[in-house]
Amino acid sequence: MASDTILASLGPVEIAMREKLVTLLQPTKLIITNESQLHRHHAAMRSQGGGNGETHFAVQVISDAFKGKNTVQRHRLIYSALSEEFSQGLHALSLNTKTSEEAQRYQAEK
């Protein structure tokens with residue numbers, strides 16, 4: 001199964017993030033990109049020997065769970081869901097959060 005192959009190539013932090021965000025948000029789109037290698041030179045990462053390879057992620061998510069929530073509320077929802085991962089070495093997230101309506105409007109404007 002292709003999804004098993006994809007999951008096998010992911011680290012434990014990314015797998016946990018994906019499982020938690022899918023359960024919480026029921027997204028129509030979820031893209032998680034590990035950008036840790038771009039940040040290995042930062043002072044905080046150098047002090048950890050470059051980190052564990054799963055410290056920085058970009059997350060794009062489209063979910064109607066965001067309806068009625070502003071950007072700060074959306075980000076807090078995600079950060080709260082991933083609090084365990086942050087306590088275990090996750091350092092930073094770059095978040096792009098939209099409802100399906102916002103995503104459609106954005107696509108139409110392109």
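The values are calculated or read from the model by the stated rules, or taken from the named source; none is laboratory data. Because the structure is predicted, anything quoted here is derived from the model rather than measured. Surface accessibility is based on the protein's heavy atoms, side chains included, excluding ligands, DNA and RNA. Shrake-Rupley method; radii C 1.70, N 1.55, O 1.52, S 1.80 Å.
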LYS98 accessible area, assembled protein chains, probe 1.4 Å, Å²: 50 Å²
Accessible surface ranking that places the most exposed of HIS56, HIS91, HIS75 first, with a 1.4 angstrom probe: HIS91, HIS75, HIS56
Descending accessible area (1.4 Å probe), largest on the left, turns ILE31, ILE62 into ILE31, ILE62
